[in-house]
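Colleague: After the structure tokens below, expect a handful of questions from me.
The values are calculated or read from the model by the stated rules, or taken from the named source; none is laboratory data. Quantities reported herein were computed from a predicted structural model and do not represent experimental measurements. Because the Cβ atoms are built from the backbone with ideal geometry, glycine has one as well, and the counts that use them run over all protein chains shown.
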Amino acid sequence: MGAALRAQTADEGLSSRNFDALSRYIYDYSGIKMPISKQTMLEGRLRRRLRATGVSNLNDYCDYLFKRGGMDKEAIFLIDAVTTNKTDFFREPKHFDYMVRTALPEMVAAGHRRLRVWSSACSTGAEPYTLAMLLQDFVETTHGIDYRILATDLSTTVLQAAHRGIYPREMVQPVPAEMQRRYVMTARDPSHGDVRIHPHLRSTVGFARMNLMDSPYKVGEPMHMIFCRNVLIYFDKQTQAKVLSQLCDCLVPGGFLYIGHSETVAGVSLPVHQVANTIFKKI
């Protein structure tokens, strides 16, 4: 085979049949919709897996997945490739303002002493570490209170990064200066571009892989607060309703659910009432 033909074969796009098969599998596995408008994006991301699997083009990759049993080994990598992992420290800050000023004092007033908080789509860790900074500040000024954070995600790649807690210096710029001083470690060499979350703060966060399509959610004791932000937008209405209902099942009575500012629970019957923009309290 000539070099030009080999390049053409490697660059071959997905057939409509294979795109449909992948779309169905991704939806059934993760709830993520993959319309035809995302075919080019999907092809670009999956090409990174060709070398790892030893196949020459995307349609051979689909044969490997669906006809030769490759899905047993490849499913996690396939889902990693299609997930989107946008995250920032102190993203949507009004949620954190409400948590500190209202939700946490209400939890303490209700008699809760060991607070459990779940970051249900934690990506590379900015959200759970933001929560940890705020909770650590809170418990240091509130006698007899402890906390633990569960951070989950579908992607093993981002979970590994989150567990390390190492970030480019510019990524922690939204963190208030005093919190940076207490909770973010910088290298002695000023030319070193990365920073790391303090070990004590990292120890308060437990990371685990979880698929929000699973039922029920195995999170142990009920949560006092659940953050599920900017995830529902990838699901259809039926899947949104299922996920929201199961999240509410994991909340203590009076617990708080936070969703993304572009998301809604409209049309879904849930045991919650709205207490602020995209913040809900379990009845």
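Colleague: Only one of these is over 15 Å from Leu201 (Cα atoms), outside any loop (DSSP other than H, G, I, E, B) and out of contact with any helix residue (DSSP H, G or I) (no Cβ under 6 Å at 6 or more places or on another chain): Glu106, Glu127. Name it.
Modeller: Working: Glu127 fails: over 15 Å from Leu201 (Cα atoms).
Going through Glu106, Glu127 in turn, the sole match is Glu106.
Colleague: Out of all the residues in the stretch 109-122, which are touching a residue at least 24 places away in the same chain (Cβ under 8 Å) and over 16 Å from Arg202 (Cβ atoms)?
Modeller: Step one: filter the stretch 109-122 for residues touching a residue at least 24 places away in the same chain (Cβ under 8 Å), giving 110, 112-122.
Matches in the stretch 109-122: Ala110, His112, Arg113, Arg114, Leu115, Arg116, Trp118, Ser120, Ala121.
Colleague: Before we move on, is His198 on the phi < 0 side of the Ramachandran plot, in the same structural domain as Glu263 (by TED's automatic domain parsing), buried (at least 20 other Cβ atoms within 10 Å of the Cβ) and of a type outside the set (Phe, Trp, Tyr)?
Modeller: Working: on the phi < 0 side of the Ramachandran plot: yes; in the same structural domain as Glu263 (by TED's automatic domain parsing): yes; buried (at least 20 other Cβ atoms within 10 Å of the Cβ): no; of a type outside the set (Phe, Trp, Tyr): yes.
Against the criterion (on the phi < 0 side of the Ramachandran plot, in the same structural domain as Glu263 (by TED's automatic domain parsing), buried (at least 20 other Cβ atoms within 10 Å of the Cβ) and of a type outside the set (Phe, Trp, Tyr)), His198 does not qualify.
Colleague: Return the residue satisfying two criteria in turn: it lies in the stretch 1-50 and is farther than 16 Å from Met71 by Cβ, among the polar types (S, T, N, Q) and over 24 Å from the mean Cα position of the chain (by Cα), and of such residues it is modelled with the lowest pLDDT.
Modeller: Looking at the filtered set, the residue picked out is Gln8.
Colleague: Failed condition for Thr239, given (1) hydroxyl-bearing (Ser, Thr, Tyr); (2) in contact with a helix residue (DSSP H, G or I) (Cβ under 6 Å, 6 or more places away or on another chain); (3) not in a loop (DSSP other than H, G, I, E, B), with all others met?
Modeller: (2)
Colleague: How about the stretch 140-175: which of its residues are β-branched (Val, Ile, Thr) and in contact (Cβ under 8 Å) with a residue 24 or more places away in the chain?
Modeller: Thr142, Ile145, Ile149, Thr152, Thr156, Thr157, Val158, Ile166, Val172, Val175
Colleague: Another question about this same structure. Here are some conditions: (1) closer than 19 Å to Thr102 by Cβ; (2) loosely packed, with under 15 Cβ neighbours inside 10 Å. Ser269 meets all but one. Which one does it not meet?
Modeller: The number of the failed condition is (1).
Colleague: Still on this structure, I have one more. Filter the stretch 65-95 for residues that are of a type outside the set (Ser, Thr, Tyr) and touching a strand residue (DSSP E or B) at 6+ places or on another chain (Cβ under 9 Å); which is farthest from Ala177 (Cα to Cα)?
Modeller: First pass over the stretch 65-95, keeping only residues of a type outside the set (Ser, Thr, Tyr): 65-82, 85-86, 88-95.
Of the ones still in play, those that are also touching a strand residue (DSSP E or B) at 6+ places or on another chain (Cβ under 9 Å) are 76, 85, 89, 92, 94-95.
Working: Ile76: 38, Asn85: 25, Phe89: 13, Glu92: 18, Lys94: 18, His95: 19 Å.
My answer is Ile76.
Colleague: Here's another thing I want to ask about it. In the stretch 218-240, is there at least one residue being polar (S, T, N, Q), free of Cβ contacts under 8 Å to residues at least 24 places away in the same chain and in the same structural domain as Ser120 (by TED's automatic domain parsing)?
Modeller: Narrowing the stretch 218-240 to residues polar (S, T, N, Q): 230, 238-240.
This time we only want the ones that are free of Cβ contacts under 8 Å to residues at least 24 places away in the same chain, so: 238.
With the extra rule that they be in the same structural domain as Ser120 (by TED's automatic domain parsing), the set shrinks to 238.
Yes: the stretch 218-240 contains one or more residues that are polar (S, T, N, Q), free of Cβ contacts under 8 Å to residues at least 24 places away in the same chain and in the same structural domain as Ser120 (by TED's automatic domain parsing).
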